[in-house]
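Please read the structure below before turning to the comments.
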Amino acid sequence: MNRRKFFKKSVIGSASLMTLNGFGNQKAWAFNKVDIKPAILGGEKSFTGQWPKWPIWNPATDEKQLLEVMRSGVWSRSKVTDEFEKKWAQLLGAKRSLAVVNGTNALNTSLAQLEIGWGDEVLVTPYTFIASVSSILFNGAIPVFVDVDPETFQMDPNKIEEKITPHTRAILPVHILGLPCDMERIMKIAAKHNLLVVEDACQAWLAEINGKKVGTFGKAGCFSFQNSKNMAMGEGGAIISDDDAFMDRCYSYHNYGNPHGTTAGQIGAGTVMIGTKLRITEYQAAIGLAQLKRLEAETELRNKNATYLQSLIGDIPGISPYKLYKNVTKAAYHLFPFRYHKEYFKGLSRAEFLKALQAEGIPCSAGYSELNKMPYLKNAFESKYFQKFYPTERLNYEKYAQANKCPLNEKLCNEEAVWISQSLLLSSKSDLDKIAGAIEKIQKHAELIVAKTK
Ligand SMILES: *Cc1c(COP(=O)(O)O)cnc(C)c1O
């Protein structure tokens, strides 16, 4: 029996872990302090150091261009934003990129310029951030939810076709948590049914499927550079696409509807289309350029550390780490997720497990709530706008709610999902060992913790 198996057995069984202390230092965390009282019961914390802070800003290397922008007085959209867009497109292998104020508006704009709107249905995952869904409603279309594959946390491609109706115009795959969707299958389904694809890659900067960056599969790819994101600007977003006519329209739209490129008319000839204003500032672009210099190395490190952490916790009974689709060559890891099964922790609820893990010094959370059941949907259906544009039979909310049930997502949101945030994946291996050690410690003492929380 190898040490690992022996250890596992000892966790489930009753053999004392103390007997393992004589072994070498391989997987030392497993034999380290697992026996002592969990922090939530007053014991010593598993981790007492400092997790990496986010975002990272290095005055020596990052401030020069930002100061130049400040001192130039050119603060509105100009050359630095152009440079950022060029670099972003290059890095992803896309023909064009447009910087906009945030990821939400990258999605809003993309759907608007593909004329996805009133009367249309858009297929989307319920396991995402609100902006993926609100962009559909914002344009007057109706979101239709495709349940998740709990192993990958992504929209389940097997469940897409059953949701397609004559109203379906587009699929909006979200590479949620930074783990890519199965884009090869989704693109095949889209082609078969003649649907547009807009990728929400707002958590998936530089993630790849067979070496091709996510965001470049669909007609458009949307990104967010909000403060918490792996590519942080404070606020910011981008649209990428290979379609010049579409990108010209997006540009025009983000600049009051003024002409750009192939949109009809000449500069100075007046406004040519309905637009709004979504431009980023030059100082945001300067911050973005500084962050871009680190993004690839940080992504590599997160990938390496996620694989390591997964190998540590993958064998713990009751912990199911995420699975990547076979064709994924790189993930972005905005979050490191796993599923928690309380049966293996003496019935300790996920909420209590999270508290126990936090008490060990490991920041973690339960993640998303069920987006397909929140009040904003009924609110949209009952709004004057929807009532004006849709026939009554399409606004039967009870019927809609029934058809949009997602039982697997429900379980993921309410019972199983646990998230560890991206910045922890920038720490050292020995700190990651502490995460796994903390989970093992909680498991070993689960009965006592359950007793205490009763
Ligand atoms: C952050 C995020 C957005 C929205 O981006 P903002 O820049 O915050 O507007 C959209 N979709 C997903 C999946 C996100 O995580």
Relative contact order computed over the chain (Cα-Cα under 8 Å; 6+ residues apart), in percent: 21 percent
The stretch 61-290: antiparallel DSSP beta bridges as a percent of all, rounded to 5: 50 percent
About the Cα centre, charge dipole magnitude for the chain (Lys/Arg +1, Asp/Glu -1 at Cβ), debye: 1080 debye
Carbon + sulfur, % of accessible area of the chain - ligands and nucleic acids excluded, 1.4 Å: 53 percent
Burial ranking of peptide ranges 302-313, 396-407 (average Cβ count within 10 Å, highest at the top): 302-313, 396-407
Value of relative contact order over the stretch 220-368, rounded to a whole percent, pairs C-alpha under 8 Å and six or more apart: 14 percent
Cα gyration tensor shape for the stretch 220-378, rounded if a/c is under 1.5, else prolate or oblate: prolate
Directionally averaged shadow of the stretch 61-290, computed from the convex hull of its alpha-carbon atoms, nm²: 12.7 nm²
Approximate spin-label separation residue 326-residue 185, in nm, with each point projected 7 Å along Cα-to-Cβ: 1.1 nm
Segment residue 86-residue 401, extension gain: residue separation times 0.36 nm, minus the distance between their alpha carbons: 109.1 nm
For the stretch 274-330: rounded, prolate or oblate by the Cα gyration tensor [a/c cutoff 1.5]: prolate
Over 32 Å between alpha carbons, listed pairs 192/399; 87/355; 219/342: 87/355; 219/342
Hydrodynamic radius (Kirkwood) for the chain, which is based on Cα pairs only, to one decimal in Å: 23.7 Å
Centre separation in Å (Cα based) which lies between the stretch 232-254 and the stretch 335-356: 40 Å
Among 101-111, 145-155, 335-345, the order from most to least packed when residues are scored by Cβ within 10 Å on average: 101-111, 145-155, 335-345
Rounded Å value of the spacing that divides the Cα centres of the stretch 384-416 and the stretch 304-326: 33 Å
Share, in percent, of DSSP beta bridges within the chain that are antiparallel, nearest 5: 60 percent
Peptides ranked, highest mean first, by Cβ atoms within 10 Å: ranges 201-213, 240-252, 169-181, 65-77: 169-181, 201-213, 240-252, 65-77
Mean accessible surface per residue for the stretch 296-454, computed with a 1.4 Å probe while every protein chain stays in place, in Å²: 46 Å²
Accessible area per residue in Å² at 1.4 Å probe, computed on the stretch 61-290: 36 Å²
Most positive-pole-ward Cα, 356, 421, 334, against dipole of the stretch 323-438 from beta carbon charges: 334
Charge dipole magnitude, Cβ of K and R +1, D and E -1 - the stretch 310-396, Cα centre, debye nearest 20: 280 debye
Added length on full extension, which subtracts the Cα-Cα distance from 0.36 nm per residue, residue 161 to residue 51: 35.3 nm
Relative intensity, log₁₀ I(q)/I(0), of the stretch 305-425 from a Debye sum that treats every alpha carbon as a point, q = 0.11, 0.12, 0.14 Å⁻¹: -0.54, -0.61, -0.75
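The values are calculated or read from the model by the stated rules, or taken from the named source; none is laboratory data. Here the structure is a predicted model, which means the values were calculated and not measured. We place every Cβ from the backbone using ideal geometry, glycine too, and count neighbours over all the protein chains shown. Accessible surface is based on the protein model in full, side chains and every heavy atom, while ligands, DNA and RNA are left aside. Shrake-Rupley method; radii C 1.70, N 1.55, O 1.52, S 1.80 Å.
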